[in-house]
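What follows is calculated from the coordinates using simple rules that are stated; it is not laboratory data. This structure is a prediction, so every number in the text was calculated from the model and none was measured. Note that we place each Cβ from the backbone using ideal geometry, even for glycine, and neighbour counts take in every protein chain shown.
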Amino acid sequence: MSTLQAQPLRAEASAPAPVDYRRARRAETRSGYFFLAPWLIGFLLLTAGPMLASLYLAFTDYNLFRDPKWIGLENFEKLFNDSRYLQSVKVTLIYVLVGTPVKLAAALAVALLLNSGRKAQGFYRSAFYAPSLIGASVSIAIVWKALFSDGGIVDLGMTGMGFQPGGWVGDPDKTMPMMILLATWQFGAPMVIFLAGLKQVPRELYEAASVDGAGALRRFWSITVPMLSPVIFFNLLLETINAFQVFASAFIISGGAGGPAGSTLFYTLYLYIRGFGDARMGYASAMAWVLAVVIGLITWVMFRTSKGWVHYSGETK
């Protein structure tokens, strides 16, 4: 009898202890925050903190050498009475509205060529992508300036073809085309994204369109563009934001002054001149926040309007 009674006791003793799921979740949460801590600290100290500080300085008179003095909206009022500021807005808008479509058109054209199944595609992809790896670096801007200066390779080549000698760098009518060419030359990143999108377009669609008698141009507008619309939107958004922030190439090519005749006075370059050249950090902070708001509004408009022309596979309307 004693043996029979001992058996349930041993069974109860061997049963697993209940799991405290709340404690386990708290432990997982603590672990997650621990691994996120480097990023969170960097974000607070290097991004959020400086942004909040610049927002405060935008409403002050601050020149780096004395304490900020609160002046309200005075900096923002001065912006629209500053002829050089308005010139920087004009130069930047021209660059964005002309340079971005040209760069994306070149990227898409090359992506279409590389998607055609020709030999040595790996080499060509690497060659076209290489300029994007360098980025808008100081060294590239120096080389570009030398190429287009008076007596440079481009100038000598155009003189040999019968054009009048004279560099592009010192000509106000040629500096913007030169800057757009520099941006277009670095089309590798959007090209790779376009190429990845083209690989996802079903070949059956092109075959069916060919059977129906559609030509190459018709297939491009009716199949390629709609199927690529999410990729086009993504590249357009990123390249527009990047174009608003161009700085290094403009700084090097213009010598940091925005010349000649203000033709390379981009928004970020003028912001740098006012902030670090004239030591007017309050004014520069106001410029920075105007740019941030404008980019935010443009991004919002692009997302709102994308519903009418961006089509995702499997989407029902």
As a check on your grasp of the helix formula, calculate [θ] at 222 nm for the chain: sum -39500 (n - 2.57) over DSSP H runs of n ≥ 4, divide by the residue count, round to the nearest 500.
-20000 deg cm²/dmol
Sort 29-36, 281-288 for me by packing, meaning the mean count of neighbouring Cβ atoms within 10 Å per residue, highest on top.
281-288, 29-36
Cα axis of helix 100-114 to longest principal axis of the chain: angle in degrees, 0 to 90, nearest 10?
70 degrees
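Work out, step by step, the length gained on full extension between GLN245 and LEU44: first 0.36 nm times the residue separation, then minus their alpha carbon distance; give nm to one decimal.
Working: separation 201, 0.36 × 201 = 72.36 nm, distance 2.25 nm.
Value of the extension gain: 70.1 nm.
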In whole Hz, the Karplus estimates of ³J(HN,Hα) for the range 225-234 (6.51, -1.76, 1.60; θ = phi - 60°; x where Gly or Pro) are 5, x, 5, 8, 4, x, 5, 4, 4, 4
For labels at TRP185 and TYR21 in the simple 7 Å Cα→Cβ model, what's the distance in nm?
6.1 nm
Using amide H atoms built 1.01 Å from N in the peptide plane, name the residues 5+ places from GLY167, or on other chains, whose amide H lies under 5 Å from its own.
ASP150, GLY151
Calculate one ³J(HN,Hα) per residue across the range 84-95 by plugging θ = phi - 60° into the Karplus curve 6.51 cos²θ - 1.76 cosθ + 1.60, and present them in order as whole Hz with x for glycine and proline.
5, 5, 5, 5, 5, 5, 4, 4, 5, 5, 4, 4
Computed from the beta carbon distance with a Förster radius of 30 Å, FRET efficiency for ILE298 and ARG218 to the nearest 0.05 stands at 0.40
Using a Gaussian network model on the chain with a 10 Å cutoff between Cα atoms, which of GLY166, GLY277, GLY122 fluctuates the most?
GLY122
Say R0 is 30 Å: what FRET efficiency, to the nearest 0.05, do PHE76 and ASP171 get from their beta-carbon distance?
0.30
Output wanted: per-residue J couplings in Hz (rounded whole) for the range 197-207, from phi through Karplus 6.51 cos²θ - 1.76 cosθ + 1.60, θ = phi - 60°, x for Gly and Pro.
x, 5, 5, 8, 6, x, 5, 4, 5, 5, 5
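With an 8 Å cut-off on Cα pairs and a minimum separation of 6 or more residues, tell me the relative contact order of the chain in percent. Intermediate results must be reported in sequence, preceding the final value.
Numbers: 318 pairs, mean separation 82.4, N = 317.
Worked out over the chain, it gives 26 percent.
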Give the residue from ALA111, GLY256, PHE76 lying farthest towards the positive end of the charge dipole for the range 74-308; charges sit on Cβ (+1 for Lys and Arg, -1 for Asp and Glu) and the dipole is referred to the Cα centre.
ALA111
Separation of the range 181-226 and the range 87-127 by C-alpha centroid, Å?
14 Å
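Please compute the length gained on full extension between GLN121 and TYR312, using 0.36 nm multiplied by the number of residues separating them and subtracting their Cα-Cα distance. Walk me through the intermediate numbers first.
Values: separation 191, 0.36 × 191 = 68.76 nm, distance 2.81 nm.
Length gained between GLN121 and TYR312: 66.0 nm.
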Tell me which residues come under 5 Å, amide H to amide H, from ASP61 once H is placed; ignore anything under 5 positions away on its chain.
LYS69, TRP70, ILE71
